[in-house]
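Notes for the one structure printed next.
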Amino acid sequence: MRGLARDSQIATALSYYATDATTTNTSGQILWATSDNKQLADIINGLFKKWNINSYARDHILELATIGNLYIPTTDMYKESTYSTKQIGIALDNNTIPNRDFDIIPSYKIPPEDVLHLWYQGQPCGYMYAPDDDFSGHIRYPESSILHFSLGGILGDYTIDTKQADGSVKTWDIMFAEPLMSNAISPTQTLNLLEDATLLSSLSRVVRFVNVDCGDSNDEEAVTAYLQQIKDAIEQNLSINTSTGDVQSFVNPQSPNNLIYLPKRKGQDIVSITDLNMADFTEADNNLLEYYQNKKLSVLGVPKEAMNFSSNEGLGGAGSVMSQRSALYANILTRIETAYKAGWTSALNTYFKLNNMSAYADNFELHMNPIITTQSTIQFDRRDSALSQADTFVNVLKNLGVTKSDAYREGLSEILTEGFPQMGSDANSWRLNLEEGDDTSEL
């Protein structure tokens, strides 16, 4: 996938996703936490600041989108190794004693080709690390040594067999998610081949006629010899060795292809050149290229105009963000953000448990900027409209002198239900404080 990510269009698409997923909120945060326990939220947001998440989040998501997996080390990985082997086997550290020195190192990523995340019977069992790409000699790390961010990775697709101390063979599952653009491999390769073939075909279809004036000669052999001399002069170069005086002839590497030499009589020029261009694309050629181009773009999820197909600067649909113009783009962006938040949720739970703060685990929620879609924009408009209608409704009833609380409750419930379902449901039980009337409780 590293090679595929160097494709100009795929690199652009990945860059769009990484950039749009890491916009900041009004406080300048890309990722932040909320909790019923305000102290816990402050602790987590302080950790994000300490780990400098704002600086690394875009690179994290770019790696996650490119490979489908992101591996971040912790301080447990850099401690003195307690188990290293040249044999196939499993010996993981299952120590559960809280470690107050445990910390996360988000400034570094582990190459995905060097690590395997092992699972057995649906439970995580640590990592197999082999920086030399030879898993016959490897280092085994406990689950807390590496944090695995994944775009999915359901178990069952990948396995590895290991030989145990008693000689038996044990099969482990490997959690590994498919890269985001894995389905773009086939259309990209086909499109590259078609583009190369079209280019080569274009070059080979250009025929150049070299017209040489042969005067009034009717001697066919003399004309042929004359044309050969002209041909040699154009296509051959002479190299003279100034020390020995030897002369060598070699083909001019810049000589044009597909030259045809023709004699002519009484021409205006002694030598003239005429091009016959047969390189025009047929409609079938154009349709084939466009088909595979569209097939590739359908996988990328990025609106076509953003790839500079509709205008020189890709400004088609200006005034709306890409997630509003493409539901596919919005869905992929949501998937990336969800995976990133899930990865950090798991990482924070590990951090709290290993630093004797287990009470904080799973008592928080992580957030990133919401993705603006056409549906979300419609929802915002509905809510604005509902609030405006509710305000107008209350003023109308007051102007009419209505003092019955039930009239307000029923109307407000009906107006607010679509935009604010919970608020609309609660409206029937609100205690209203009207300026006039028999209900003096507060709204």
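Per-residue Cβ neighbour counts within 10 Å put Met423, Met128, Met322 in the sequence Met423, Met322, Met128, beginning with the fewest.
Put in line by how crowded their Cβ is, counting other Cβ atoms within 10 Å and starting with the fewest, Tyr129, Tyr56, Tyr291 read Tyr291, Tyr56, Tyr129. The length gained by stretching the chain between Gln164 and Gln229 to full extension, at 0.36 nm per residue less their Cα-Cα distance, is 15.4 nm. Spin-label model, Trp430/Arg58: points 7 Å from Cα along the beta carbon direction are separated by 4.4 nm.
How much length is gained on full extension from Asn395 to Asp213, taking 0.36 nm per residue of separation minus their Cα-Cα distance?
Result: 55.7 nm gained on full extension.
When Asp59, Asp7 are sorted by how many other C-beta atoms sit within 10 angstrom of their C-beta, beginning with the fewest, the order is Asp59, Asp7. Here's the list of lysines a cross-link from Lys38 could span, going by alpha-carbon distance under 20 Å and ignoring same-chain residues fewer than 8 apart: Lys49, Lys50, Lys341, Lys353.
About its Cα centre, the dipole of segment 374-429 is roughly 120 debye, where the only charges are +1 on Lys and Arg Cβ and -1 on Asp and Glu Cβ. Judged by the ratio a/c of the largest to the smallest principal axis of the C-alpha gyration tensor, segment 374-429 counts as oblate, that ratio being 1.5 or greater while a/b is no larger than b/c.
If you count, for each residue, the other Cβ atoms within 10 Å and average over each peptide, how do 179-187, 219-227 line up from highest to lowest?
Working: 179-187: 19.4, 219-227: 12.3.
Top of the packing list down: 179-187, 219-227.
Simple spin-label estimate for Gln422 and Ser358 gives 3.1 nm between the two label positions (7 Å along the Cα-to-Cβ direction from each Cα).
Every number in this text was worked out from the coordinates using simple rules, so none of it is lab data. Bear in mind that the values here come from a model prediction, so they are computed numbers and not experimental data. Don't worry about glycine lacking a Cβ; one is built from the backbone with ideal geometry, like all the others, and counts go over all protein chains shown.
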